[in-house]
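**Q** Can you read through this structure? Questions will come right after.
The values are calculated or read from the model by the stated rules, or taken from the named source; none is laboratory data. What you are looking at is a predicted structure, and each value in this text was computed from that prediction instead of being measured. With ideal geometry, Cβ positions are generated from the backbone for all residues, glycine too; neighbour counts draw on all protein chains shown. Please note that ligands, DNA and RNA were not included when accessible areas were found on the heavy atoms of the full protein model with its side chains. Shrake-Rupley method; radii C 1.70, N 1.55, O 1.52, S 1.80 Å.
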Amino acid sequence: MKAAVCTKYGAPDVLELRDVIKPAPKDDEVLIRVYASSVTIADSRVRSFTFAPWFNPIARVFIGFRGPRKVITGDEFAGIVESVGPGVKNFKVGDEVFGMTSHLGFGGTNAEFMCFPENKMLAMKPENMNYTEAAVIPFGGITALHFLRMANIEPGQHVLIYGASGSVGTFAVQIAIHFGAHVTAVCSTKHVDLVGSLGADSVIDYTQQDFTTGGETYDVVFDAVLKTSFSECRAILNPSGIYLTVDWPIFDFIKNRFISRKRIIFGIAPGHSKDLVYLKDLVEQGKLRSVIDRSYLLGEIVAAHTFVDKGHKQGNVAIIITPETQATSPD
């Protein structure tokens with residue numbers, strides 16, 4: 001089978017398309033024919049080994065010292081179950097599924113086939129989405145859902161989302177609206193129309209206006225792209241406001257605990273299959289949709305990573321593994 005492989009850290013050209021052995025499912029695994037996958041910012045960071053300095057030693061241990069220990073790239077996927085292990089109970093051959101791996105490093109989804117445990121982040125694909133649209137939901141969707149749930153958002157609260165046009169941001173806007181929040185989205189000029197179409201109550205173009213000087217205050221500020229800091233946002237948080245971030249501001253977190261009622265929430269979104277089911281239900285209710293900036297074929301994996309590295313993608317970047325199957329999935 002064909003797979004995108006990364007054996008050393010570096011620029012996108014370290015990636016190769018190779019023939020590798022097709023896997024066989026273990027007792028509790030399903031074999032999935034992958035129809036679509038993605039390239040996320042997390043994939044880019046693993047490939048280039050670009051992490052916060054304090055995390056580098058940990059990453060070397062868990063991901064690999066001189067190169068990734070797990071060499072087949074990708075983390076999200078959508079496809080069809082081709083065979084099942086003898087112990088599998090919840091899925092059968094022919095099921096259309098989507099999901100995401102949940103370990104540090106690459107998950108092996110940029111490949112024609114993959115094996116996956118049935119009790120991990122795996123669920124039936126939304127019926128009103130094709131494989132490409134479904135494949136890009138888990139990373140951004142689960143991350144957004146996790147952080148917004150941690151903030152315990154209540155109807156009527158004011159939420160500002162910085163980086164609203166990215167993968168996490170586009171899902172965060174829609175999920176916060178579903179929770180009943182009044183959403184202010186921050187993005188660049190070229191993304192204003194998109195973010196508005198997602199339902200944001202107001203949109204701030206950060207190239208024209210400093211979002212911290214408009215006089216508004218918020219119950220929650222969510223930095224979905226690692227571009228702000230708690231110190232920048234402290235003044236626009238209400239007295240018991242919450243700053244959410246996909247970064248790891250450990251020193252700010254420790255210092256703030258002793259001087260303010262305002263909170264910082266950060267960390268890794270663990271994710272569970274029930275979270276995928278929750279997102280699937282929102283999609284089927286018409287409350288959540290994927291935003292795809294560009295789609296690439298598996299053989300164009302270098303170009304896909306190069307585009308993601310630029311840091312200006314709108315929503316998600318999809319990888320189409322088997323183009324001819326797209327016509328068989330619902331529009």
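**Q** Semi-axes of the equivalent ellipsoid for region 78-131, please: Cα gyration tensor eigenvalues, times 5, square-rooted, ordered largest first, whole Å.
**A** Semi-axes (√(5λ), whole Å): 17, 15, 11.
**Q** While we're looking at this one, here's another question. Cross-link candidates for LYS89: which lysines have Cα within less than 20 Å, leaving aside residues fewer than 8 places away along the same chain?
**A** LYS26, LYS120, LYS125, LYS274
**Q** Equivalent-ellipsoid semi-axes (√(5λ), Cα gyration tensor) for region 39-188, whole Å, largest first?
**A** Values: eigenvalues 160, 112, 34 Å².
Each semi-axis is the square root of five times an eigenvalue, giving 28, 24, 13 Å.
**Q** Taking only protein heavy atoms into account and a 1.4 Å probe, give the accessible area per residue of the chain in Å².
**A** 44
**Q** Given Cα pairs under 8 Å that are at least 6 residues apart, what percent is the relative contact order of the chain? Can you show the working numbers first?
**A** Values: 778 pairs, mean separation 68.4, N = 331.
Computed value for the chain: 21 percent relative contact order.
**Q** Still on this structure: Rg/Rh for region 89-161 to two decimals, with Rh computed the Kirkwood way over all alpha-carbon pairs. Each step should come with its number before you reach the end.
**A** Numbers: Rg = 15.2 Å, Rh = 14.6 Å.
For region 89-161, the value is 1.04.
**Q** I'm spelling it out carefully: the read-out is Rg/Rh (Cα atoms, Kirkwood Rh), the candidates are (1) 1.04; (2) 0.95; (3) 0.97, and one was derived from this structure. Which label?
**A** Of the labelled values, this structure produces (3).
**Q** So, one more: Limiting things to C-alpha atoms, what are the Rg and the maximum Cα-Cα separation (Dmax) for region 171-222, in angstroms?
**A** 10.7, 29
**Q** Give, in whole angstrom and from largest to smallest, the semi-axes √(5λ) of the equivalent ellipsoid of region 26-82, with λ running over the eigenvalues of the Cα gyration tensor.
**A** 27, 14, 8
**Q** Assuming R0 = 30 Å, what is the FRET efficiency of GLU127 and ARG294, from their Cβ-Cβ distance, to the nearest 0.05? Present the calculation step by step, with values, prior to reporting the outcome.
**A** Numbers: r = 25 Å, r/R0 = 0.84.
After rounding to 0.05, the efficiency reads 0.75.
**Q** Find, among the trypsin sites (Lys or Arg not before Pro) in region 1-82, those assigned to loop by DSSP (not H, G, I, E, B) with at most 11 other beta-carbon atoms within 10 angstrom. Numbers along the way, then the final one.
**A** Numbers: sites: LYS2, LYS8, ARG18, LYS26, ARG33, ARG45, ARG47, ARG60, ARG66, ARG69, LYS70; in loops: LYS8, LYS26, ARG66, ARG69, LYS70.
Taking region 1-82 and a limit of 11 other Cβ atoms within 10 Å, the loop trypsin sites (Lys or Arg not before Pro) found are ARG66.
**Q** Okay, next question. If the elastic network links every pair of Cα atoms under 10 Å, which of MET129, MET114, MET150 fluctuates the most in the Gaussian network model of the chain?
**A** Highest fluctuation of the listed residues: MET150.
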